[in-house]
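This report concerns only the one structure given below.
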Amino acid sequence: MDGPADTPLQSAPFDEAHSVDEVDPATRYFNRELSWLEFNRRVLAEARNPDYPLLERLRFLSISGSNLDEFMMIRVAGLEGQARRGITKTSIDGKTPLQQLAAIREVVLELEAGQQAALADLRPRLAAQGIRIADEARIAASQIKWLREWFADHLLPVLTPQAIDPAHPFPFVANLGIGVIFHLTRKSDGEGLVEMVLIPAGVPRFVRLPGEDEATWVAVESLVCRFATLLFPGFDIVGDGVFRVIRDSDIEIEEEAEDLVRYFRTAIQRRRRGRVVLLELDQQCDAEAEALLREQLAADGAMVIKTDGMLGLRGLDQVVEEDRPDLKFAAFSPRYPERILEHDGDCFAAIREKDIIIQHPYESFEVVVDFLRQAARDPAVVSIKQTLYRAGNQSPVINALIAAAENGKSVTAVVELKARFDEEQNLKWAAELERAGVQVIYGFTEWKTHAKVSMVVRREDDGIRTYCHFGTGNYHPVTANIYTDLSYFTADPKLARDAGKLFNFVTGYVEPRKTEALAISPIDMRETLYEAIDKEIANAQAGRPSGIWAKLNAITEKGVIDRLYAASQAGVEIELVVRGICCLKPGVPGLSENIHVKSIIGRFLEHSRIWAFANGYGLPSTRAKVWISSADAMSRNLNRRVEAMVPLRNRTVHSQVLDQVLLANLLDTERSWTLDASGDYTRVASRGDEGFNLHHYFMRNPSLSGRGGAGIGSVPKLSLRRGGG
């Protein structure tokens, strides 16, 4: 789906007569928030993608809804907070908070309308395949009796009607809460009354009617409206209205907080009662009820959206779980690295022989878990150190660390309490780990520890050896099946010593004066990137080969963007794969005509971060400098987080990441969108048989470093000179 012709991202072309620093920010950069909304527009476009099975299209619609909810809870709430406090600090493109909010509101309304249109398109298509997302008014008469009984038995006992009058203050509506407000009259005396019914958080969003031949799903709020007479006997229903609330859900860290655990426990409670930033209403909402909702929930200037469709589209993920494999992507089983199997499952023996890099989800996350499980039971292992940013609800990684501590190992876990929306879960994991004897560290008050590092120290015949795992993604078994990430295993002594320094930095605030290989933010990662870009500029100016390839989730950091602009002006060819937010403007004459940006949206969520620098040789090359990282090119990653950037020096690992992973991303034509200087994203048109789908490529081909000595499944060599692989 192309961006609209008058997208707010547009700006005037760059004037070559001026230096870069003199150019108006709006001409030089895209707005961060509007760029994110463009990303969600691409996600929503996948709900209309005819290449996808219907339930996968519904999944993308649900993801789009969930993404937009989080954007409102965090980004819009933050801007509104700045506006209320009179803050006029401008964004990278020169917009004040109020100016950004005005532009955001316009695009959010477009996206909401697009989401409802996508649902309206999917409903009849799903119904034709035996899956009905029922409109409450169109439920068959034969089904109403069953629904009435279900409502009386399962829903009615947990619903609490709340009168709204001077004796009853307006009820509190939780974040993401859905409710129905009723305008009633008492039959006995004709007196009017307003009542509110909130849907309890533990109630499923949809009810599935019994039946194997056809699946009918009904939203619970529609049942509350249909069977309101059971709730209000003796009253006439004059009107009703379904509504939904989104609140400010960010947690601001107070640097003077003495006890982070206690602080976050109370902050989580405060978040649930944050200021309302969005009120959603159904189009048929009773006028009197709507006026009351606006007065009580939107008086502070919260955005109000009225929709003729369904509220809370994130809840459609429940329908997606319908057992219809014919309407989903074909089942895919991740491979287990052949190299480790050749060593009878001994991770340490395989890593000791040669570095290994695993690309999830194509290679199984189980190898990461097995690495820790083996460490937990291995009598030769002395200690384990582990960072934990997000680990999920059911975490085999946590269980392995607990087992290691119970087996007498020295185990240290750095648990990040500031992982947004995972704070509560991480508090629970921290308590469980401490009970098992794990030394739990919470890191810095003002910085998040976002680096993904595991370190196992083992006593061997020739002395102490340290095995490390560096990841671009979280130690989370569920997202590892969806996100494309890299897991790098090595016994390189230099990287081991640097990993030790990183842990000492987090646990004891001992800042490493010098590292041998790793770049660590906020210490020297920015400088390392700057130096690498500057070297490409120098090579281009000296007439030597130059080039930069990068794969990121986001690029917003002004300093990195400006250096890439300078590189483009020097003649460096730059290829960027940026899935989400991109504040850099590609293809602007005199500024960035040598920079090309694409975004890949598909079956898997692209999440790995990779940098490659030509280093005086044409890309791709064995002489190129290649790094993987836990960090995006964002100010928060470079300034306010502890991150790691790891150089790849092993020849096979280097080739896998540069000649396989990065090159496949650049060659993809079937899941790619290209960004132009005006801010429009255009879906790349596949060229018939010449089209290339990177997800299909990796699902079919083993990794270079993990395929073992037998070389099973030879990997087709990719080349920039052709459109497929």
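Go over the candidates 339, 314 one by one and state the one that is touching a Ser or Thr at 6+ places or on another chain (Cβ under 8 Å) and farther than 30 Å from residue 52 by Cβ. Give the steps one after another, and end with the answer.
Working: 314 fails: farther than 30 Å from residue 52 by Cβ.
The conditions single out 339.
Considering only residues that are assigned to a loop (DSSP other than H, G, I, E, B), of a type in the set (Val, Ile, Thr) and more than 19 Å from residue 376 (Cβ to Cβ), which ones fall in the stretch 436-466? Even if it seems obvious, please write down each step before you answer.
So in the stretch 436-466, the residues assigned to a loop (DSSP other than H, G, I, E, B) come out as 436-438, 442-447, 450-451, 461-462.
Those left that are additionally of a type in the set (Val, Ile, Thr): 438, 445.
445 - this is the single residue of the stretch 436-466 that is assigned to a loop (DSSP other than H, G, I, E, B), of a type in the set (Val, Ile, Thr) and more than 19 Å from residue 376 (Cβ to Cβ).
Answer yes or no: is there a residue in the stretch 560-582 that is within 29 Å of residue 445 (Cβ to Cβ) and in a loop (DSSP other than H, G, I, E, B).
yes
Do you know which of the residues in the stretch 79-131 that are among the charged types (D, E, K, R) and in contact with a strand residue (DSSP E or B) (Cβ under 7 Å, 6 or more places away or on another chain) is farthest from residue 322 (Cα to Cα)? Walk me through it before giving the result.
Step one: of the stretch 79-131, the residues among the charged types (D, E, K, R) are 80, 84-85, 89, 93, 95, 105-106, 110, 112, 121, 123, 125.
Now drop any that are not in contact with a strand residue (DSSP E or B) (Cβ under 7 Å, 6 or more places away or on another chain), which leaves 80, 93, 105, 112, 123.
Values: 80: 39, 93: 44, 105: 34, 112: 25, 123: 15 Å.
The selected residue is 93.
I'd like the full set of residues that are under 16 Å from residue 388 (Cβ atoms) and modelled with pLDDT of 95 or more, limited to the stretch 469-496. Even if it seems obvious, please write down each step before you answer.
Kept after step one, since they are under 16 Å from residue 388 (Cβ atoms), are these residues of the stretch 469-496: 469-480, 485, 487.
Once the filter is applied, which keeps residues that are under 16 Å from residue 388 (Cβ atoms) and modelled with pLDDT of 95 or more, the stretch 469-496 yields 469, 470, 471, 472, 485, 487.
Are any residues in the stretch 52-110 under 23 Å from residue 26 (Cα atoms) and of a type in the set (Lys, Arg), and if so, which ones?
The answer is 75, 89, 95, 105.
Does the stretch 445-460 include one or more residues that are polar (S, T, N, Q) and under 23 Å from the mean Cα position of the chain (by Cα)?
Checked against the condition, which is being polar (S, T, N, Q) and under 23 Å from the mean Cα position of the chain (by Cα), the stretch 445-460 yields at least one hit.
Looking at the stretch 631-644, is at least one residue of a type outside the set (Ser, Thr, Tyr), more than 21 Å from residue 474 (Cβ to Cβ), in contact with a helix residue (DSSP H, G or I) (Cβ under 7 Å, 6 or more places away or on another chain) and touching a residue at least 60 places away in the same chain (Cβ under 8 Å)?
No, because not a single residue in the stretch 631-644 is of a type outside the set (Ser, Thr, Tyr), more than 21 Å from residue 474 (Cβ to Cβ), in contact with a helix residue (DSSP H, G or I) (Cβ under 7 Å, 6 or more places away or on another chain) and touching a residue at least 60 places away in the same chain (Cβ under 8 Å).
Considering only the stretch 140-164, state which residues are surrounded by 12 or more Cβ atoms within 10 Å (Cβ to Cβ), of a type in the set (A, V, I, L, M) and part of a loop (DSSP other than H, G, I, E, B). Even if it seems obvious, please write down each step before you answer.
Kept after step one, since they are surrounded by 12 or more Cβ atoms within 10 Å (Cβ to Cβ), are these residues of the stretch 140-164: 143-144, 146-148, 150-152, 154-156, 159, 161-164.
The next check asks that each one be of a type in the set (A, V, I, L, M); those that pass are 144, 147, 152, 155-156, 159, 163-164.
Residues satisfying the conditions are 159, 164.
For residue 677, are the conditions met, namely being in contact (Cβ under 8 Å) with a residue 60 or more places away in the chain and in contact with a strand residue (DSSP E or B) (Cβ under 7 Å, 6 or more places away or on another chain)? Even if it seems obvious, please write down each step before you answer.
On the way: in contact (Cβ under 8 Å) with a residue 60 or more places away in the chain: yes; in contact with a strand residue (DSSP E or B) (Cβ under 7 Å, 6 or more places away or on another chain): no.
Taking the combined requirement at face value, the residue does not satisfy it.
Looking at (1) within 22 Å of residue 521 (Cα to Cα); (2) in a helix (DSSP H, G or I), which is the only condition residue 469 fails?
With respect to (1) within 22 Å of residue 521 (Cα to Cα); (2) in a helix (DSSP H, G or I), residue 469 is out only on (2).
Every residue, every condition in (1) more than 30 Å from residue 559 (Cβ to Cβ); (2) of a type in the set (Ser, Thr, Tyr); (3) in a helix (DSSP H, G or I), yes or no:
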{"residue": "47", "(1), (2), (3)": "yes, no, yes"}
{"residue": "55", "(1), (2), (3)": "yes, no, yes"}
{"residue": "65", "(1), (2), (3)": "yes, no, yes"}
{"residue": "72", "(1), (2), (3)": "no, no, yes"}
{"residue": "77", "(1), (2), (3)": "no, no, yes"}
{"residue": "82", "(1), (2), (3)": "no, no, yes"}
{"residue": "88", "(1), (2), (3)": "no, yes, no"}
{"residue": "94", "(1), (2), (3)": "no, no, no"}
{"residue": "100", "(1), (2), (3)": "no, no, yes"}
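Out of the stretch 121-139, which residues are of a type outside the set (Val, Ile, Thr) and not in a helix (DSSP H, G or I)? First the steps, then the outcome.
Residues of the stretch 121-139 of a type outside the set (Val, Ile, Thr): 121-130, 132, 134-138.
Hits for the stretch 121-139 are 129, 130, 132, 134, 135.
Taking the criterion of being within 21 Å of residue 168 (Cβ to Cβ), among the charged types (D, E, K, R), part of a strand (DSSP E or B) and modelled with pLDDT of 90 or more, would at least one residue in the stretch 280-292 satisfy it? Walk me through it before giving the result.
Within the stretch 280-292, the subset within 21 Å of residue 168 (Cβ to Cβ) is 285-286, 288-292.
When the remaining residues are screened for being among the charged types (D, E, K, R), the result is 286, 288, 290.
Those left that are additionally part of a strand (DSSP E or B): none.
Among the residues of the stretch 280-292, not one is within 21 Å of residue 168 (Cβ to Cβ), among the charged types (D, E, K, R), part of a strand (DSSP E or B) and modelled with pLDDT of 90 or more, which makes the answer no.
Looking only at the stretch 336-354, count how many residues are in a loop (DSSP other than H, G, I, E, B) and surrounded by fewer than 23 Cβ atoms within 10 Å (Cβ to Cβ).
Total satisfying the criteria: 7.
Looking at 104, 63, which one is surrounded by 18 or more Cβ atoms within 10 Å (Cβ to Cβ), within 22 Å of residue 219 (Cα to Cα) and hydrophobic (A, V, I, L, M, F, W, C)?
On the way: 104 fails: within 22 Å of residue 219 (Cα to Cα).
The conditions single out 63.
Can you name the condition, by its number, that residue 321 falls short on among (1) among the charged types (D, E, K, R); (2) crowded, with 18+ Cβ neighbours inside 10 Å; (3) without any contact (Cβ under 8 Å) to a residue 40 or more places away in the chain?
(2)
What about residue 145, is it among the basic types (Lys, Arg) and more than 30 Å from residue 27 (Cβ to Cβ)? Walk me through how you get there before you give the answer.
Details: among the basic types (Lys, Arg): yes; more than 30 Å from residue 27 (Cβ to Cβ): yes.
Criteria met by residue 145.
When you check residue 459 against the structure, is it surrounded by fewer than 16 Cβ atoms within 10 Å (Cβ to Cβ) and either free of Cβ contacts under 8 Å to residues at least 24 places away in the same chain or not assigned by TED's automatic domain parsing to the domain that holds residue 626 (or both), yes or no?
Details: surrounded by fewer than 16 Cβ atoms within 10 Å (Cβ to Cβ): yes; either free of Cβ contacts under 8 Å to residues at least 24 places away in the same chain or not assigned by TED's automatic domain parsing to the domain that holds residue 626 (or both): yes.
Yes, satisfied.
Sort through 400, 405, 376 and tell me the only one that's free of Cβ contacts under 8 Å to residues at least 40 places away in the same chain, assigned to a helix (DSSP H, G or I) and in contact with a Gly (Cβ under 6 Å, 6 or more places away or on another chain).
Selected residue: 405, the only one of 400, 405, 376 that is free of Cβ contacts under 8 Å to residues at least 40 places away in the same chain, assigned to a helix (DSSP H, G or I) and in contact with a Gly (Cβ under 6 Å, 6 or more places away or on another chain).
Counting just the residues of the stretch 266-279 that are modelled with pLDDT of 50 or more and touching a helix residue (DSSP H, G or I) at 6+ places or on another chain (Cβ under 9 Å), which one comes out surrounded by the fewest Cβ atoms within 10 Å (Cβ to Cβ)?
If we take residues in the stretch 266-279 being modelled with pLDDT of 50 or more and touching a helix residue (DSSP H, G or I) at 6+ places or on another chain (Cβ under 9 Å), then 275 is surrounded by the fewest Cβ atoms within 10 Å (Cβ to Cβ).
Quick check on my filter: what residues within the stretch 434-468 are aromatic (Phe, Trp, Tyr) and modelled with pLDDT under 95? Can you show your working first?
Keep residues of the stretch 434-468 that are aromatic (Phe, Trp, Tyr), which gives 442, 444, 447, 467.
Matches in the stretch 434-468: 442, 444, 447.
The values are calculated or read from the model by the stated rules, or taken from the named source; none is laboratory data. From a predicted model like this one, the values you see are computed outputs, not experimental measurements. Positions of Cβ are generated from backbone atoms using ideal geometry, with glycine treated the same way; all protein chains shown enter the neighbour counts.
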